[in-house]
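What follows is a short report on a single structure.
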Amino acid sequence: MLKLGLTTPAFADLPKAGGAPDAAERTKIEKAVKSLSIPFVANNGQTDPKVAYYAQTFAGTVFVTKSGEIVYSLPAPGKKDNAGLDHRSHPAGRATDFPGWVLTETFVGGRPKLSARTPSPTNVSYFLGNDKTRWTSRTSTYDKVLLGEVWPGIDVSLKAYGQNVEKLFAVQPGKSAKIIRLRMGGAKGLRVSDDGTLVVQTGNGDIVYTKPIAWQEKGDARLPVEVAYRLTSSSAYGFALGAYDPNLPVFIDPLLQATYLGGSGADSGFALAIHPTTGEIYLGGQTFSTNFPGTSGGAQSAYGGSVDAFVGRFNANLTTLLQATYLGGSGDDFGSALAIHPTTGEIYLGGQTFSTNFPGTSGRAQSANGGNSDAFVGRLSADLTTLLQATYLGGSSDDRAFVALAIHPTTGEIYLGGVTFSTDFPGTSGGAQLAFGGSVDAFVGRFNANLTTLLQTTYLGGSGDDRGFALAIHLTTGEIYLGGFASTNFPGTSGGAQSANGGDSDAFVARLSADLTTLLQATYLGGSSFDRGFALAIHPTTGEIYLGGGTNSTNFPGTSGGAQLAFGGSEDAFVARLTANLTSSAVFPEVCDG
């Protein structure tokens, strides 16, 4: 299921198709995503009925129960919940043997009265399984949750960000902050560090509340007030204030910030696209579900599939998450390819599904899972509030789509590339290669724009291991290009820029007619060791083909005159430039140590 507080996109985890951001762009995007204001989602039945609102941040999921407790479900350090585990705590209330950890904050002696503030521009949709009664659209979200006058004269509000959770205490004139007391359930201990932070000990390591700040407001001036954490017991804390004007309100602001965030996120973004007219940013990927934890014992019930695909929609400057949606059934679903229709603006997400109940309306091109895992394509409205269609694509064995998804610029048809282990892959009759080559083959599939008809598919492969990772469509000819790595007898390489396999495994580029009925040309690209193609792009004016990937070969072809002539060591990245007909090339390798 989708976590609204998307973790830092793991751009390096999968090979990228043409147009993926470079390192500097990724750094900028990751920094911006971390500082996002994360809205609280109203619970309309999509999670435990004890929950009123929840937000999903880098620090984990934050639940606000109807009784006013704040529950934090924190991920394990450096681990992804990729086993789909149900995080149930120890009966004594300690989450000792499971990847995550649950903390519960209770307002001692307080009486929260929940209300939401102004609605945020973000809406959330859920498309879970093929039972439409479980689908929701445009679930409301809020910038803040107001807990009301928790203690006499002391109001509390809650706000979430990409990297932390903020509680704001407003102490009215004449009232004392000494009455504020919060009990931390699930903590193994509390301590105040020398730098003024509050350290909460858990079985997965320490998490930290930043040093609190306090202030008063007089006209346009903001007057600082000395403040520190005060431990009231081994499991409870409050605040100690310095001197301040008793005739003015005092505001106290601590932040919860996890110290083991790096690498621990359960959500990964693998595909990025920019809307051609609105400039909005779309991120697709996969999410490992976080479910509601109990308020005292930390019990967490299962919900949906163990892994779901997701799509998130951001404004152009990445300051607001406008919409997000899950996409998946009861099994494992992985989103890895994303494209935006140039005419309709609709969003297409591709990937791999193990679900037999993947959501999608009737009439799709392939309505049932062919066996084990299938590739999939889902079609959503540009605002991500409506699932317009989805389809399986696969035979009786494993079939996977990676980042190879493209939309034909003139016909609007949808092309999906990937890997198949199936000897009965659907739609290959009449294709450029009718029969399974052996072991593992690459494939390309072609659908109409509404995904109701599979127009054509084709295998691409020899007798060994052949895999398709990158797909592009030539803007002038409309021809289809697939890149990946190939076996020693890959078809169609005669007359290509490199007609023979150079060694263990070579990268390849294949050129097909737009209808996928003819393999027009293919070429190897590689030296005497392992070479793999992962990224493919076509120059918009010259039409030349660029392939990027990785090589272990010290004798990679065509490097004479390139930007880097010699092998850097261990494994290098490479960039190759080929003519549109794939009959000649020039190569420009770049170092990728490791």
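The values are calculated or read from the model by the stated rules, or taken from the named source; none is laboratory data. What you see is a predicted model; the values in this text were computed from it and never measured. Cβ: placed from backbone, ideal geometry, glycine included. Neighbour counts: every protein chain shown. Heavy atoms of the whole protein, side chains included, go into the accessibility calculation; ligands, DNA and RNA do not. Shrake-Rupley method; radii C 1.70, N 1.55, O 1.52, S 1.80 Å.
Please find the FRET efficiency linking Q201 to T278, where r is the Cβ-Cβ separation and R0 is fixed at 56 Å, and quote it to the nearest 0.05.
E(calc), rounded to 0.05, equals 0.75.
Taking the simple approach of a point 7 Å from Cα along Cα-to-Cβ for both T477 and T232, what is their distance in nm?
Placing both labels 7 Å along Cα→Cβ, they lie 7.5 nm apart.
Around S397, with a cut-off of 14 angstrom between Cβ atoms, what is the net charge of the other residues, counting Lys and Arg +1 and Asp and Glu -1?
Cβ neighbours under 14 Å give a net charge of -4.
In whole Hz, with x marking every Gly and Pro, tabulate ³J(HN,Hα) for segment 474-481 from phi via Karplus 6.51 cos²θ - 1.76 cosθ + 1.60, θ = phi - 60°.
Karplus-based 3J(HN,Hα) across segment 474-481 equals 6, 5, 8, 8, x, 6, 9, 10 Hz.
For F556, tell me the accessible area in Å² from a 1.4 Å probe, rounded to the nearest 10.
The value for F556 is about 20 Å².
What order do you get for 535-541, 335-341 when each peptide is scored by the mean count of other beta carbon atoms within 10 Å, highest first?
Most protected by this proxy first, the peptides run 335-341, 535-541.
Name the residues whose placed amide hydrogens come within less than 5 Å of the amide hydrogen of A236, ignoring near sequence neighbours (fewer than 5 apart) on the same chain.
M184
Excluding L516 itself, what net charge comes from residues whose Cβ is under 11 Å from its Cβ, given Lys and Arg +1 and Asp and Glu -1?
Summing Lys/Arg as +1 and Asp/Glu as -1 gives -2.
Only Cα pairs under 8 Å and at least 6 apart count here; give the relative contact order of segment 352-433 as a rounded whole percent.
Relative contact order, segment 352-433: 26 percent.
Over the Cα atoms of segment 201-248, what radius of gyration and what Dmax do you get, in Å?
14.7, 46
Would you kindly derive the ³J(HN,Hα) couplings of segment 241-251 from the backbone phi angles with the Karplus curve 6.51 cos²θ - 1.76 cosθ + 1.60 (θ = phi - 60°), listing them in order in whole Hz, with x for Gly and Pro?
9, x, 5, 7, 7, x, 8, 10, x, 10, 10
Using θ = phi - 60° and the Karplus form 6.51 cos²θ - 1.76 cosθ + 1.60, what ³J(HN,Hα) does each residue of segment 326-341 get, whole Hz, x for Gly and Pro?
6, 8, x, x, 7, x, 7, 10, 10, x, 9, 9, 9, 8, 10, 5
Give, to the nearest whole percent, the P(r) tail of segment 518-584 beyond 14 angstrom, counting all Cα pairs.
In whole percent, the long-distance tail amounts to 59.
Classify segment 138-181 as rounded, prolate or oblate, taking a ≥ b ≥ c as the square roots of the eigenvalues of its Cα gyration tensor: rounded when a/c is under 1.5, otherwise prolate if a/b is larger than b/c and oblate if not.
Prolate shape, in that a/c is at least 1.5 and a/b is the bigger ratio.
In the neighborhood of S234, defined by Cβ-to-Cβ distances under 11 Å, what is the net charge if each Lys or Arg adds +1 and each Asp or Glu adds -1?
Cβ neighbours under 11 Å give a net charge of +3.
Provide the convex hull volume over Cα atoms per residue for segment 412-510, in Å³.
Spread over its residues, the Cα hull of segment 412-510 gives 97 Å³ apiece.
What is the packing order of peptides 66-73, 423-430, taking the mean over residues of other C-beta atoms within 10 Å and listing the highest first?
Highest mean packing first, the order is 66-73, 423-430.
Could you list which residues have their amide H under 5 Å from that of G285, counting only those 5 or more apart in sequence or on another chain, with H placed in the peptide plane?
Amide H to amide H, under 5 Å and 5 or more residues apart or across chains, G285 pairs with F270, F310, G335.
Would you tell me the accessible area of K211, worked out with a 1.4 angstrom probe on the heavy atoms of the protein chains, in Å² to the nearest 10?
120 Å²
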